[in-house]
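As structure tokens, the structure follows; a few thoughts come after it.
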Amino acid sequence: MFLLRGRGYIIISTHHHPPFINYFNTQLSLPLFKQHFNNKSSSHHLSRRRLQLLHKRHHRVYSSMESIGVRPGKEVAVGVDEEEYVSQSKLYKEFTSIATIDKAWTFNSPNGRGSHTMFTISQPNLLANKKKKHMLSSVISEDSNGGLDVQWSPFPVEVTGASLMVPSPSGSKLLVVRNPENDSPTLFEIWGPSQVEKEIRVPQSVHGSVYADGWFEGISWSSDESLIAYVAEEPAQPKPTFNDTGYKKDASSTDKDCSSWKGQGDWEEDWGEAYVGKRQPALFVININSGDVRAVDGIGRSLSVGQVVWAPAAKGLQQYLIFVGWPSDTRKFGMIYCFNRPCALYAVKAPLFGSDVKDNAINDISMIKLSEATNSAFLPRFTPDGKFLVFLSAKSCVDSGAHSATQSLHKIEWNSEGEPTPAKIIDVVPVVMCSEDGCFPGIYCFNVLSKPWLSDGYTMILSSIWGSSEVIISVNVLSGKVSRVTPGDSNHSWSLLTLNDNNILAVCSSLVDVPQIKYGSVTKEKSQDAIWQWLDVSSPTSESKEKVKSLLSSLQIDILKIPVKNVSENLTKGASKPIEAIFVSSKSKQDACDPMIVILHGGPHGVTLTSFSKTSGFLASIGYSLLIVNYRGSIGFGEEALQSLPGKIGSQDVNDVLTAIDHAIDTGLANPSKISVLGGSHGGFLTTHLIGQAPDRFAAAAARNPVCNLALMVGTSDIPDWCFVETFGTDGISTYTEAPSPQILESFHEKSPISHLPKVKTPTLFLLGAKDLRVPVSNGLQFARALKEKGVPVKVIVFPEDIHPISRPQSDFESFVNIGVWFKKYCK
């Protein structure tokens, strides 16, 4: 089926129906067109002769369109009113137009009144198919009445071509990194208050692009703001050169003569999904005064490095860099979203520049492993006094094989007067196995501010997952005491942006409330427990944001506590606790329930939060209730509940979802005949499992890059270890092999949705990224083809340039408009 757009014509063709062509002039209204072709009177029936004439006319129009370069456009679903696409795409455009605050930095105002804040903001540009980045500045101060005085710059400034922006500690300088799109040098710009003060171009022979991925990424200014340590791709390895006589000896890497060509050389494994074509991350230091760049010696290629920070300067001693290292000399499994990759903290001497090189001719460059006692250490931060090095650990992930799990926080005493040595690791916050109701469930933190400290110097501020919400917590690294900073009496989520002294900037939102910037300030009572006051920061708005706010005002959100079924004696206490499901519904009382969409997250050790979601808000705004299930195995609920799932996928998680659906039906929240299901990745695994295990329960389904066949995935994914751990539990670590036996492949098949395929009859939409390495496109295509073979209504959209998240602006837009239209067609 295809849709052609020409000069005045739209031509719709389908192979699902007899081969005739519908066409009409675009100036003719759609209702008139439908009236013309749907009228059952004999005068409006198409005779065979008229069909032949229309067919010939179609070929003439198509030929003339080809002659002017017009090609077939996007498909329009058979049997669906095109007006549905028009209305839903117009609505979703309002949601996607809302800008997102990515980062913020706060600096004290020179006059001591208030603070200067810089925000980086992104917004999808659908036509360009990329995100626009803007910078917006404000001055925030407290007024005499306890309120806020906020002064915003008149307009945001678009930032083009910048891969990274990192202010110096004092706020007097701004580093802007511009990565090349070809073999050009990487550009480092040092900005002052009014202009670019320095431009430094680093050629590809020194290093490739600077890592800006949020994981290996590390940019750290030295305390005197003269040096910057960072992580970049190592220089390209030499490749063999050939010419018309064969191999060319002694060929320079820069040779580009037309009589020879470069071979491919040895294949080198990368870090999988999102890292295709990225060379190994290595550590460098740039002197912004001289423009010199030095690779950090002593590390070697056995480690991939990231998350670098400067150690506190010690008088008379060469300064050290602290970084995280991941072993690179063994099989590289996918890195992104995977906290079960062993890693450690290392110290290495920073390179010397200028006269320092002469004064220190003999330089011991060996690195020191600091975290010998654990197999996971990342996101290191020094306390302001330099006495402790604090870091997170995902040892639970490494030990169990789960790709995300409950974290712990630790510290090492730092020797500021001598050489660093492996030190005793002191626990600050241990892994929480099972928390009491409403109590701290453990740390689930995926980013730490460069300066996460309150003014006391020992209270650390973190974002963390707490049940179905994101919250902000404080951790006293001396006592280990954890406190919830954000209010605990609402269903909102809070995301930490930045802090300055004892003031926090955060974003607060919910599934029915658009994001709102909040300003938190701390006070003390006699008990010395911190009391936080939160105020709204008035901020610029947009027409789209106001429209979305109006749409969401008619909706409400609840967090349902749902007891699990079939609790056995061998289940841990944490695994026997109720699960949570977020329920979004209309505020208006109705005689009949709205149709309901069950939304399922991936991972499986992920979570869906109560925070604002453009996609969920859109689906709720077109007339659906949402049941968002955080089944056992989700993060945010303690380690026992999470570890109950590996080895039981396809059964325990499926049953939790069915239990949540039963609860919604039994409590009058859902009509059992009007339920659809939507999920991506492991959520797609659950979606395709559910329509097979419960074939009569779902009116429609949509799956984004779903895991449908583990036996197929294990040989093609960048995380084959995931298949073993989730199928066999912790035993999957020792069972892992690159060549699974027939018995193992049979176990994979039994755990997979494809084993239930013969029972499926639910109309299903598949949305697939052709460049997905996590769950390769073959998984979804195989399942979709098999459904189509047995006559189940199926629609497949493949996005040629997308990876696992399908997050490119045009792909996201087309995905969710099609999801909305698909559900409207089959679940009205």
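If amide H atoms are built 1.01 Å from N in the plane of the peptide, which residues on other chains or at least 5 residues away come under 5 Å of the amide H of residue 382?
390
With all protein chains present, how much of the accessible area of the chain (probe radius 1.4 Å) comes from carbon and sulfur, to the nearest whole percent?
Here it works out to 51 percent.
Can you work out the accessible area per residue across the chain, with the rest of the protein chains kept in place, probe 1.4 Å, in square angstrom?
Per residue, the chain has an accessible area of 45 Å².
Only Lys, Arg, Asp and Glu count, each charged at its Cβ (+1, +1, -1, -1), so figure out the dipole size of segment 563-697 about its Cα centre, rounded to 20 debye.
My answer is approximately 220 debye.
If you take the square roots of the eigenvalues of the alpha-carbon gyration tensor of segment 224-328 and sort them as a ≥ b ≥ c, do you get rounded (a/c under 1.5), prolate (a/b over b/c) or oblate?
Prolate shape, in that a/c is at least 1.5 and a/b is the bigger ratio.
Using the structure shown, list the pairs from 90/549; 451/573; 759/824; 173/278 with a Cα-Cα distance above 27 Å, or answer none.
From 90/549; 451/573; 759/824; 173/278, over 27 Å: 451/573; 173/278.
Using a/c under 1.5 as the rounded threshold, could you call segment 709-828 rounded, prolate or oblate? The axes a ≥ b ≥ c are square roots of the C-alpha gyration tensor eigenvalues, and prolate needs a/b larger than b/c, oblate otherwise.
oblate
Can you list the HN-Hα couplings for segment 734-739, worked out from phi with the Karplus curve (6.51, -1.76, 1.60; θ = phi - 60°), rounded to whole Hz and with x for Gly and Pro?
Residue by residue, segment 734-739 yields 6, 7, 4, 8, 6, 10 Hz.
Given 568, 148, 512, which one lies farthest toward the positive end of the charge dipole of the chain, if we put +1 on the Cβ of every Lys and Arg and -1 on the Cβ of every Asp and Glu?
Checking the options against the dipole of the chain, the answer is 512.
May I ask you to compute the full-extension gain from residue 93 to residue 533, defined as 0.36 nm times their residue separation minus their alpha-carbon distance, rounded to one decimal in nm?
Fully extending the segment from residue 93 to residue 533 adds 154.8 nm.
Near residue 828, which lysines are there with a Cα under 16 Å away, not counting those fewer than 8 places off in the same chain?
Within the straight-line cut-off, residue 828 pairs with 674.
From the residues 288, 553, 503, which one has its Cα farthest along the dipole of the chain in the positive direction, the dipole being from +1 and -1 charges on Cβ of Lys/Arg and Asp/Glu about the Cα centre?
Result: 553, furthest along the dipole toward the positive end.
Positive end of the dipole of segment 679-770, charges at C-beta (+1 Lys, Arg; -1 Asp, Glu), about the Cα centre: which of 711, 736, 768 has its Cα farthest in that direction?
About the Cα centre, the residue reaching furthest to the positive side is 768.
List the DSSP H helices in the chain whose Cα atoms stretch 15 Å or more along the helix axis and whose mean Kyte-Doolittle hydropathy is at least -0.5.
Helix filter hits for the chain: 652-666, 682-693, 777-789, 809-826.
Mind giving me the nanometre distance, one decimal, between the label points for residue 247 and residue 399, set 7 Å out from Cα along Cα→Cβ?
5.0
Given 10 °C and 1.306 mPa s, how large is the Stokes-Einstein diffusion coefficient of the chain in µm²/s, with Rh as the Kirkwood radius over Cα pairs?
54
List the relative contact order of the chain as a percent without decimals, with contacts defined as Cα pairs under 8 Å and 6+ residues apart.
With pairs under 8 Å counted, the relative contact order is 8 percent.
Measuring from centroid to centroid over Cα atoms, what is the spacing of segment 665-694 and segment 786-805 in Å?
Here the two parts' Cα centres lie 18 Å apart.
Give the calculated FRET efficiency between residue 437 and residue 199 to the nearest 0.05, with a Förster radius of 45 Å applied to their Cβ-Cβ distance.
With R0 = 45 Å, the Cβ-Cβ based efficiency is 0.20.
Place a +1 charge on the Cβ of each Lys and Arg in the chain and a -1 charge on the Cβ of each Asp and Glu, then give the dipole magnitude about the Cα centre in debye, rounded to the nearest 20.
So the dipole magnitude of the chain works out to roughly 3440 debye.
How large is ³J(HN,Hα) for each residue in segment 320-325, as worked out from phi by the Karplus curve 6.51 cos²θ - 1.76 cosθ + 1.60 (θ = phi - 60°), to whole Hz, x for Gly and Pro?
Each residue of segment 320-325 in turn: 10, 10, 10, 9, 9, x Hz.
I need the GluC sites (Glu not before Pro) found in segment 725-828, filtered to DSSP loop residues with at most 15 other beta carbons within 10 Å of theirs.
738, 801
Going by a ≥ b ≥ c, the root eigenvalues of the Cα gyration tensor, does segment 470-509 fall in the rounded group (a/c under 1.5), the prolate group (a/b larger than b/c) or the oblate group?
Taking the square roots of the gyration eigenvalues as a ≥ b ≥ c, segment 470-509 is oblate.
Can you figure out the FRET efficiency of residue 828 with residue 144, using R₀ = 56 Å and their beta-carbon distance, to the nearest 0.05?
0.50
The values are calculated or read from the model by the stated rules, or taken from the named source; none is laboratory data. Model, not experiment: these values are computed from the prediction. Here the Cβ is made from the backbone with ideal geometry for all residues, glycine too, and neighbour counts use every protein chain on show. Keep in mind that these areas ignore ligands, DNA and RNA; they rest on the heavy atoms of the full protein, side chains included. Shrake-Rupley method; radii C 1.70, N 1.55, O 1.52, S 1.80 Å.
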